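Have a look at the structure below, then the notes.
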């Protein structure tokens with residue numbers, strides 16, 4: 001990807017994110033209903049989301065919690081000490097972290113509703129992860145262009 005292509009893509013992304021309909025799409029994503037393998041009515045959306053969050057798969061990886069607390073502290077300290085040379089690593093870490101959050105926090109299984117997915121959480125966290133990933137790509141391309 002050349003620097004010219006990178007600028008074209010970045011300009012298009014900025015143009016899209018400034019449009020009124022982009023915000024409408026983001027707002028619409030917030031009202032997506034959750035999915036559960038056992039049926040439920042619209043009046044139970046809050047209960048289903050609560051059940052999924054209470055039984056999400058994130059609770060199965062608790063041994064990794066300290067690692068995901070220590071890494072950002074180290075990265076922030078490195079950004080303070082070394083400056084922008086760590087920004088790509090920080091962006092990559094943020095993207096990976098948001099993908100893990102999307103998957104581990106949005107999927108769950110309960111006895112009441114069965115397997116469930118909180119769709120708006122999943123989509124929004126993956127969108128944020130994509131933007132962090134794009135930031136890492138841009139930083140990398142700028143580094144190699146210089």
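Touching a helix residue (DSSP H, G or I) at 6+ places or on another chain (Cβ under 7 Å), touching a residue at least 24 places away in the same chain (Cβ under 8 Å) and closer than 28 Å to residue 32 by Cβ: which single residue out of 112, 140 fits that description?
112
Restricting the search to segment 1-49, which residues are in a helix (DSSP H, G or I), loosely packed, with under 13 Cβ neighbours inside 10 Å, over 20 Å from the mean Cα position of the chain (by Cα) and without any contact (Cβ under 8 Å) to a residue 60 or more places away in the chain?
Selection gives 4, 5, 7, 8, 11, 12, 15, 20, 21, 42, 43, 46.
From (1) closer than 21 Å to residue 105 by Cα; (2) surrounded by 11 or more Cβ atoms within 10 Å (Cβ to Cβ); (3) more than 19 Å from the chain's Cα centre (by Cα), pick out the condition that doesn't hold for residue 91.
Here residue 91 clears every test but (3).
Is it the case that residue 99 is surrounded by 12 or more Cβ atoms within 10 Å (Cβ to Cβ), at pLDDT below 90 and in contact with a helix residue (DSSP H, G or I) (Cβ under 7 Å, 6 or more places away or on another chain)?
no
Considering each of 65, 35, 57 in turn, give the residue that is farther than 13 Å from residue 113 by Cβ and in contact with a strand residue (DSSP E or B) (Cβ under 8 Å, 6 or more places away or on another chain).
None of the others qualify; the one that does is 57.
Taking segment 63-83, which residues are within 19 Å of residue 138 (Cα to Cα) and loosely packed, with under 11 Cβ neighbours inside 10 Å?
Answer for segment 63-83, where residues must be within 19 Å of residue 138 (Cα to Cα) and loosely packed, with under 11 Cβ neighbours inside 10 Å: just 83.
The values are calculated or read from the model by the stated rules, or taken from the named source; none is laboratory data. The model shown is predicted, which means the values in this text are computed figures rather than measured ones. Don't worry about glycine lacking a Cβ; one is built from the backbone with ideal geometry, like all the others, and counts go over all protein chains shown.
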